[in-house]
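I have placed the structure first, in the form of structure tokens, so that the comments after it can refer back to it.
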Amino acid sequence: MRKIIDDLSVLDTVLEFASNQPIYKQDFFDHDLPNDHEVTTFLCAEGFLKENERSFEITYKGRIHLNKGGFVGEHRKRVFSIIVSVATLVVAILGVILQFVV
């Protein structure tokens, strides 16, 4: 679970950097970050970043996504939703069982 959060936070970090100013390819790729090409390719393919000749810029979709909590926030909301659904199911089942027992 922690690995998922780490991977998603990398995506959010790149979007946050791009939200302040363009990310110049030379600066970004010179640091030999793990999976840097995969990250930028994914973000561009999903429409969160726009690739120019020398830089990456955040798109409107990317800004909206960040404002909604980014990838980590989206993941946490999904996990919370699953937990609430399971808890609701357990309470409903207990209610049915108790109705027949009492």
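The values are calculated or read from the model by the stated rules, or taken from the named source; none is laboratory data. Not measured: the values here are computed from a predicted model. Every residue, glycine as well, gets a Cβ built from its backbone with ideal geometry; the counts of neighbours run over all protein chains shown. To get the accessible areas, we keep the full protein, side chains included, count just its heavy atoms, and leave off ligands, DNA and RNA. Shrake-Rupley method; radii C 1.70, N 1.55, O 1.52, S 1.80 Å.
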ask   = Evaluated at 20 °C with a viscosity of 1.002 mPa s, what Stokes-Einstein diffusion coefficient in µm²/s does the chain have when Rh comes from the Kirkwood expression over alpha-carbon pairs?
value = 135 µm²/s
query = Of all the accessible heavy-atom surface of region 19-102, with the other protein chains kept in place and a 1.4 Å probe, what percent is carbon and sulfur?
reply = 60 percent
inquiry  = How large is the accessible surface of Tyr24 in square angstrom, using a 1.4 angstrom probe and rounding to the nearest 10?
reply    = 110 Å²
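Give the peptides 90-100, 68-78, 9-19 in descending order of average Cβ contacts within 10 Å, highest first.
So the order, starting with the most tightly packed, is 9-19, 68-78, 90-100.
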request  = Considering the convex hull of the alpha carbon atoms of region 21-81, report its projected area averaged over all viewing directions, in nm², one decimal.
outcome  = 4.7 nm²
key: List Ser55, Ser81, ordered by accessible area with a 1.4 Å probe, largest first   = Ser81, Ser55
Local electrostatic count, Gly70, Cβ distance below 12 Å [Lys/Arg +1, Asp/Glu -1] = +1
task = Quick one: what are the phi-derived ³J(HN,Hα) couplings along region 73-87, Karplus 6.51/-1.76/1.60 with θ = phi - 60°, whole Hz, x for glycine and proline?
result = x, 4, 5, 5, 4, 5, 5, 4, 4, 5, 4, 5, 5, 5, 4
query = Taking the Cα centre of the chain as the origin, how large is its charge dipole in debye, to the nearest 20, when only Lys and Arg (+1) and Asp and Glu (-1) carry charge on their Cβ atoms?
reply = 660 debye
Computed helical MRE - 222 nm, the chain, DSSP H runs ≥ 4 contributing -39500 (n - 2.57), nearest 500 = -23500 deg cm²/dmol
ask   = Can you tell which of Phe29, Val91, His65 lies farthest toward the positive end of the dipole of the chain, using +1 and -1 charges on the Cβ of basic and acidic side chains (Lys, Arg; Asp, Glu)?
value = Val91
remark   = Two pseudo-spin positions, 7 Å from Cα along C-beta at Cys44 and at Gln99, lie apart in nanometres by 5.7 nm
